[in-house]
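Every read-out reported here was derived from the displayed coordinates using simple, explicitly stated rules and does not represent laboratory data. Keep in mind that what you see is a predicted model, and the values were worked out from it rather than measured. No Cβ is skipped: glycine too gets one built from the backbone with ideal geometry, and neighbour counts run over all protein chains shown.
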Amino acid sequence: MGLRLWRAAAASLMLALVPAVFASDIAYFQQLLLAAEARGLAQHPAWHALLHYRQNLAGSGVTSEADDPAFFAAPDGKTNPAAELAATLRIFFSTEQAGDQQPPQCRFIARYHWLKEQLGFDSSRLPEQSCLRFDEWYAALNPQGLTLVFPVSYLNNPASMFGHTLLRVDARNQTGQTRLLAYAVNYAALVGNDNGVAFAIKGLIGSYPGQFSVLPYYLKVREYNDIDNRDIWEYELNFTADETHRLLMHLWELRGIRFDYFFFDENCSYHLLSLFDVARPGLQLANRFVWWAIPPDTVRAVVAEQGMVKNVVYRPAASTRMLARLDGMSGDHRQLALDIADSVVPATDQALAGLPADERAAVIELSDEYLRYEVSARKRTQGDVAALMQQLLVARSAIDVEYSPVRPDVPDVRPDQGHRTRRVYLGAGTTDHQAYQELAIRPAYHDLLDADGGYQRGAEIQFFDLTLRFNDHSDTLRLEDFTPVGIVSLTPRNRFTKSVSWAVAGHVTRSRLAPGVEPLIFRLDGGAGISVETTRRALWYGLFASSLDVSGHLDKDFALGAGPNLGVLWTHTARLKTQLSARALRYALGDTHTRAEAEIRQNVSFSESAALRYGMVRHREFDHYWTESQIAWQMYF
C-alpha cells in the first residue's frame, strides 16, 4: 500500500475513533501507522504467520485460513494484511473489553508484542495494559519447552487413519514420570455425533469447524495409547524460551477461533505447523503443504529442520505392552493367564500354585495386564474386574519375585524415517502376450507390500490412486484404474486381542466382458475375516469378500457377488516382502458370472524413496482367462 493510501486509511480510521484513541494520542497512532508502512510490516512473514495468511493459488493477494470474524480487527482483514495491521494498531489504544472481557492488547497479545518489538512503542503514549487472565493461564502451563506428539495411524477412525499430531507443553522441572501431568495443545474438528462416512465426506469439503484446545496430556494418552491402542512417538523440540513464549501467546489468541477443518490439508498437523511458523518467523513449514498435509509428512518436515528436534521418546500402546509380555511364554501359560482373567479358573488354582515362583509371577502379571487392556479398550468396566484384580494383586504380593515391567523394544524405524507417502509407479508388462507400459500415481499413503518401517504391518491406506496404461498392440493410452479410497486392516488375531480384519475399496476400473471388450465400470469391494501370524514373518489372512459392479455395459446394469479372499504376506527382511493371494467371487445377482484372481507379487525396497516391484496374476472373468505379468520401479516422495 502506498503512502497516500496509508494516509487515507489513517484518516478514515480517525473518523471511526470513538473516544478510545481520541483520549490517547491520535498523532502517535498516525506516526506508528506511517512507520509500519515504511518498514513494510504488513508484508512481513511474521505478520502473515500471525494472521495465517496464505498466498492465493489463483491470482495475486493472500487470504487468511482463519474463518472466524472475531479473529480480525478490520472488516476486510481476512484478505487485506495492511488494513488488518492498521485496525490492529488502532484498537491497541483502546481499553474497552470485548465479550471475552479482555482489552485488545490482551486479546491479540502476540500481535501486540510483535508490533511493539518492531515499532518500539512509547509506553507513555501507548500504555501497556495488564493481562491478568493470560498471566494466570500462562503460569498454570508453567512452560519450559514443547514436544511434538505423534500417535500412529488408527484405521477404525477416519479422522486418525493417517495418524494424528498434537503438541505437549512441557513444564519446568518436568521428569519422565511427571510428563503425563503436562498440558497438550490439540487441533481437531468439532464433529458432534458424526463418524464414518458422514465424517469423511464433511471433512473433505470443510463442513466442520476446527478449533484449538488445551487439556491435560494424560487424557490424550489415555485416548490414544490405551483406548485406541496406538503407539505414541514424542519429539522434543529445540525451541528457545522466547519462541515458546511467542507460540503460547499466539495460542491464547486462537482460543475459540474457528477454522474450516479439511481432512487433507487444513487438519491437525497442518495447523500445528502454523504455530511453529509463529514461534520461529521465517520457518514457513505450513507453506510447504499446499494440497495435503499427512501427519507423518509433517513430522518428517519438522525433523528435517536442522537442530529442531533434540530427543525422541517411544510410548508403546497397552496392546503393544501386552503382546511383548506374551513373547517367550508357553502356550499353556498363556492359556492359564487367560482362564484366570476370564474367571474360568480361580487365582488360587492348583495349576498355578504348582508352577515355579518366577513362572507363577509371570502368569499373574499377564492376567493383570490383560484385564487392564480390556478395561482401557472399553471391553469391560472397572467394576467388572475390580474384585479379580484385587485377588491378583494379593496373589502376586505373596510371591517373592521382584516385579519387572516388560518394556517392548523400540521399533528400528520411526514414523519420520519410513518411506515417503506419495508414490509414482513406472511399470512395464504383458497381458495376453501384448506388451504395455503403465504410469501410476498414488498421493497417499501405504500398501501391504511397501516396506513396513515406520508404518503398521498389515495396514493399507490408498487415496486417489490413478493408473494409466499404454498398450503397444493397439497404440492407445487409457485410464486403467482410479481408486478414490482403498483401506485394508489385517490385524493379527490371538486369544487376547481377538481382532477382526477387514477391507473396503471403491474403484473405477476395467472389466473384461469379452476379449477386446474392457469398459470402465464402478466397483465397490469389501470384506471381513481374520488374520493370524504363524511366525513373526508370515501373516495369513482369510476374508469373506463381497463386490458390487455397476455399469451400463452390463446386461442388467449391475452384478453383486461374494466369495473367499485368502492370502499370506511374508516379510523376509525389512526390505523384501512377498504376497500370495487368491480370490474367487461368484456374482449371483444381476449379471451372473465368476471373477477370480490368483497372484504372486514381490517388493524390494532400496531406500525410503525407491523400490522395485514385480509379479504375475492369473485372471478369470465372464469365463475368459488371461495371465498378466509386470515389473515396475516405484519412487516415493
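So between Ala140 and Gln437, what do we pick up on full extension, going 0.36 nm a residue minus the alpha carbon distance?
On the way: separation 297, 0.36 × 297 = 106.92 nm, distance 6.16 nm.
Computed gain between Ala140 and Gln437 is 100.8 nm.
Excluding residues on the same chain fewer than 8 positions from Lys220, give the lysines whose Cα lies under 21 Å from its Cα.
Result set, ordered by chain and number: Lys379.
Sum up the charges of everything whose Cβ sits under 15 Å from the Cβ of Leu477, counting Lys and Arg as +1 and Asp and Glu as -1, but leave Leu477 out.
Numbers: positive: Arg469, Arg478, Arg510; negative: Glu438, Asp472, Asp475, Glu480, Asp481, Glu518.
After counting each charged neighbour, the total is -3.
With a ≥ b ≥ c taken as the square roots of the eigenvalues of the C-alpha gyration tensor of the range 418-636, please select rounded if a/c is under 1.5 and otherwise prolate if a/b is larger than b/c or oblate if it is not?
Values: a/c = 1.83, a/b = 1.20, b/c = 1.53.
It is oblate, given that a/c is not under 1.5 and a/b is not larger than b/c.
Report the net charge of residues surrounding Leu352, where surrounding means a beta-carbon distance below 10 angstrom and charges are Lys +1, Arg +1, Asp -1, Glu -1. Let's see the in-between values first.
Values: positive: Arg360; negative: Asp339, Asp349, Glu359.
Counting the neighbours of Leu352, the net charge comes to -2.
With each pseudo-label sitting 7 Å past Cα toward Cβ, what's the Val517-Ala574 distance in nm, one decimal?
So the label points at Val517 and Ala574 sit 5.2 nm apart.
By how many nm would the segment from Gln350 to Val62 grow when fully extended, if each residue of separation counts as 0.36 nm and the alpha-carbon distance is taken off?
Working: separation 288, 0.36 × 288 = 103.68 nm, distance 7.48 nm.
That pair, Gln350 and Val62, stretches by 96.2 nm at full extension.
Using alpha carbons only, how many degrees (0 to 90, rounded to 10) separate the axis of helix 382-397 from the longest principal axis of the chain?
Computed tilt is about 80 degrees.
For a Förster distance of 25 Å, can you work out the FRET efficiency between the beta-carbons of Ala386 and Asn156, rounded to the nearest 0.05? Write down the numbers at each step before the final one.
Numbers: r = 28 Å, r/R0 = 1.11.
Calculated value: 0.35.
Using Cβ contacts closer than 10 Å as the measure, can you line up His593, His473 from fewest to most?
Ranked by crowding around the Cβ, least crowded first: His473, His593.
If you put +1 on each Lys and Arg Cβ and -1 on each Asp and Glu Cβ, how big is the dipole of the chain around its Cα centre, in Debye rounded to 20? Provide the component values of the computation, followed by the final result.
Numbers: 62 positive and 72 negative charges, 86 e Å.
I would put it at about 420 debye.
Please give every one of the aspartates and glutamates within straight-line cross-link reach of Lys556, meaning a C-alpha to C-alpha distance under 13 Å, and leave out same-chain neighbours fewer than 8 residues apart.
Within the straight-line limit of under 13 Å, Lys556 reaches these aspartates and glutamates: Asp591.
Please work out the Kirkwood hydrodynamic radius for the range 104-202, using every pair of different C-alpha atoms, and report it in angstroms with one decimal place. Let's see the in-between values first.
Numbers: mean 1/r = 0.0581 Å⁻¹.
Evaluated over the range 104-202, this radius sits at 17.2 Å.
Between Ser609 and Leu468, what is the FRET efficiency for a Förster distance of 25 Å, r being their Cβ-Cβ separation, to the nearest 0.05?
On the way: r = 22 Å, r/R0 = 0.88.
Efficiency for this residue pair is about 0.70.
Please work out how much length the chain gains when fully extended from Ser343 to Glu117, using 0.36 nm per residue of separation minus the C-alpha to C-alpha distance, in nm with one decimal. Walk me through the numbers on the way to the answer.
Numbers: separation 226, 0.36 × 226 = 81.36 nm, distance 6.71 nm.
Full extension from Ser343 to Glu117 adds 74.7 nm.
Rounded to the nearest 500 deg cm²/dmol, what is the calculated helix-only ellipticity per residue at 222 nm for the chain, with -39500 (n - 2.57) per DSSP H run of length n ≥ 4?
Details: 17 runs with 180 residues, N = 637.
After summing the helix terms and dividing by residue count, I get -8500 deg cm²/dmol.
Mind giving me the nanometre distance, one decimal, between the label points for Arg478 and Arg255, set 7 Å out from Cα along Cα→Cβ?
If labels sit at Arg478 and Arg255, their model points lie 6.2 nm apart.
Express the relative contact order of the chain as a whole percentage, based on alpha carbon pairs under 8 Å and six or more residues apart in sequence.
Details: 1269 pairs, mean separation 48.7, N = 637.
Relative contact order comes out at 8 percent.
Arranged by the count of other C-beta atoms within 10 angstrom, fewest first, what order do Val385, Val410, Val401 take?
Arranged by neighbour count, lowest to highest, Val385, Val410, Val401 become Val410, Val401, Val385.
Modelled label-to-label distance, Ala428 and Ala588, 7 Å Cα→beta-carbon offset: nm?
4.6 nm
Lys/Arg Cβ at +1, Asp/Glu Cβ at -1, dipole of the range 137-315 taken about the Cα centre: which of Gln177, Leu166, Phe262 is farthest positive-ward?
Toward the positive end, the furthest listed residue is Gln177.
Could you compute the FRET efficiency for Val485 and Asp76, with r as their C-beta to C-beta distance and R0 at 35 Å, rounded to 0.05?
Details: r = 39 Å, r/R0 = 1.10.
For Val485 and Asp76, the calculated efficiency is 0.35.
Please list the radius of gyration and Dmax for the chain, considering alpha-carbon atoms only, with Å as the unit.
29.7, 94
What's the exposure ranking of Ile257, Ile600, going from fewest to most Cβ atoms within 10 Å?
Ile600, Ile257
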